[in-house]
Amino acid sequence: MQSMKIYKITLTICVLSIFLGGILLFSDVGFSQTIIAFGDSLTEGCEVSILGCDGWDDGDYNYPVYLETFVNANGPDSTVKNFGKGGETTSEGVNRLDTVLNSSCNLKVDYVLLLQGTNDLFHHEDPSVIRFNLGVMIDKVRAKGIEPVLATITPDWDNTWKELDKANEYIRSLASEKGVVLADQYNALAPYWYWYTNPRGCYGDQLHPNSKGFYAMAVVWFEAIPKPPVSFPWLMLLLDTP
Amino acid sequence: MRYCGLNILLSSFFHKIYSRHGSFLFCTIVLMCLILNLLLSQVLHAQKAESIKQEQDTKLVWSAKNYGQGEQIYYSSFTKNKWTTPVQLSHSADLVFQPASSSGTDGKVWVVWSRQDKNGSFIQFTVYSASGWLQPRQINTGIDNNKAVAIIVDHDNTPWIAWTAIDDIYPEIFWSRWNGQGWDLPVRAHDKNKVPDIQPALALDESGNINLSWQTYLDGKYVIVSQVWKGQQWQTVSNESEKIIRKKLIRGYKGSFLVPDFVEDSRKASLFIKRTDGAGSLPLSLF
């Protein structure tokens, strides 16, 4: 009788294991993503070198490096390509984006992250121009069958005269109007910006964050980037439960 | 060919210099405060040789934050192999920015810039003559959001200005000129459109014609539009080589004739300007 019980329990465990294994095998638990990080110095980050197929080499720190570690936790082959260019305005970005999207290096891309506008504001460009140009970039990305993710502009305590609030309002409304996922970097980071710029990062100012700040930016991006559909969400919830 | 109104935007360059060599605390503080929007005027550009020669004194205007005075507009000229002591042209409690200057053969120096308050952005100007600097005055454009003003003085010593203003949704390019008593009513430099028109620049060609260039969005990208004032009207410039040259005049162009060199002295901020033709660099003490 006792051996029968043990037999039944063992059999149940075996069946359950096979069942769960099958679910894990055929569900999207493991996936990889290719992401392009497009922007200015807030994307380029610090001490980068060599622009190749993977964008800029890792360098000391920048948000794409941190973001890649996050997305790799979901899929070992995920990559985040750094296509940030320091000092670039959105009108310059509009022209450069074509080159990036048409590159043979970027034939299969899942998302393009768009963070630009701080240099426009520095040059006193009207926020309406930022809105227009980001809208153009969104359309260009979508025309390639890629999903864009838009971000609000991060704080700048060195140049508080910037029309940052107005620009970010425009960006939020643009995301809503075009149905684009928004990573609200400003709202997420502003309360802690002092800590993200003290001690100073490699740029030595309060516009560019230090390594903690770039890490925080990566977190905001990661939380915003849509996750691939999961076949058994209840299972993922179960597995994710600590 | 004479080019005037060449702006050099330096600040993003400077913070990189300091972040890497930054042990000069005072300079760092000053530079963080500066919006080093420098303007060079009176630069000769020999088209074939691509060399640069000074015709007269080099004029420099910039906006900078001085202690206790907020951000103001300053002027200096390179005279007798040295920079003159900077003159503060604005005394505004509001934000002033994007200065530009030009001068003719009559000894007058015209300086324009933008002033921003809660009601919008406006263009101010002043002129240096035998009686000294005129108290800054506002140009009544009748349009909101006036920014990015450029200026050039033609061979008749008439100043022309071009700037961006928002008459509808996006910035558009407007121009005006001094009629001896005041500024003519602003005129739109292009057909009304639904795209941004930005970064106007003015120049004189070898024939003395006024050239007006700017960037506009066309067919998925930003392109340079250039036109020349001939026969009392603007004519579009189609010559590609001329367009390439005018590209250099666009505000923010990276291949400027003058570039910041370096700054030294922990107690006094000095800006060194290096000419790209290898003429060396000379200091300008800011304060």
Other chains' Cβ within 10 Å of A:115-127 residues: what's the mean? 4
Going by amide H atoms built from the backbone, whose H comes under 5 Å of the H on residue A:33, apart from near neighbours? A:78, A:79
Under the Karplus relation 6.51 cos²θ - 1.76 cosθ + 1.60, θ = phi - 60°, what is the ordered set of whole-Hz ³J(HN,Hα) values for the range A:103-117, x standing for Gly and Pro? 5, 5, 6, 10, 6, 10, 10, 8, 9, 10, 8, 10, 9, 8, x
Vicinal HN-Hα couplings computed from phi for the range B:204-212 (Karplus, 6.51 cos²θ - 1.76 cosθ + 1.60; Hz; Gly/Pro x): 10, 8, 5, 8, x, 7, 6, 10, 10
Each residue of the range A:148-154 in order: what ³J(HN,Hα) in whole Hz does its phi give by Karplus 6.51 cos²θ - 1.76 cosθ + 1.60, θ = phi - 60°, with x for Gly and Pro? x, 10, 9, 10, 6, 7, 6
About its Cα centre, what dipole magnitude does the range A:87-205 give when the only charges are +1 on Lys and Arg Cβ and -1 on Asp and Glu Cβ, stated in debye to the nearest 20? 380 debye
Take peptide B:219-228, look around each residue's Cβ out to 10 angstrom, count Cβ atoms belonging to other protein chains, and average those counts. 3
Quick one: accessible surface of residue A:42, probe radius 1.4 Å, all protein chains present, in square angstrom to the nearest 10. 0 Å²
For residue A:40, tell me the accessible area in Å² from a 1.4 Å probe, rounded to the nearest 10. 0 Å²
Within the set of other residues whose C-beta is less than 12 Å from the C-beta of residue A:167, count the net charge using Lys and Arg as +1 and Asp and Glu as -1. -3
List the trypsin sites (Lys or Arg not before Pro) in the range B:59-116 that DSSP assigns to loop (not H, G, I, E or B) and whose Cβ has at most 14 other Cβ atoms within 10 Å. Which are they? B:80
Would you tell me the accessible area of residue A:3, worked out with a 1.4 angstrom probe on the heavy atoms of the protein chains, in Å² to the nearest 10? 90 Å²
Over 29 Å between Cα atoms, which of A:85/B:192; A:108/A:178; A:166/B:194 qualify? A:85/B:192
Multiplying the sequence separation of residue B:169 and residue B:85 by 0.36 nm and subtracting their Cα-Cα distance, what value in nm do you get? 26.1 nm
B:106, B:156, ranked by accessible area, largest first (probe 1.4 Å): B:156, B:106
What trypsin sites (Lys or Arg not before Pro) does the range B:132-224 have in DSSP loop regions with at most 12 other beta carbons within 10 Å? B:192, B:194
So for the pair residue B:135, residue B:195, with labels modelled 7 Å out along Cα→Cβ, what separation do we get in nm? 4.5 nm
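The values are calculated or read from the model by the stated rules, or taken from the named source; none is laboratory data. Just so it is clear, the model here is predicted, and its values are computed rather than measured. Glycine also receives a Cβ, built like all others from the backbone with ideal geometry; neighbour counts cover every protein chain displayed. Surface areas here come from the heavy atoms of the whole protein model, side chains and all, with no ligands, DNA or RNA. Shrake-Rupley method; radii C 1.70, N 1.55, O 1.52, S 1.80 Å.
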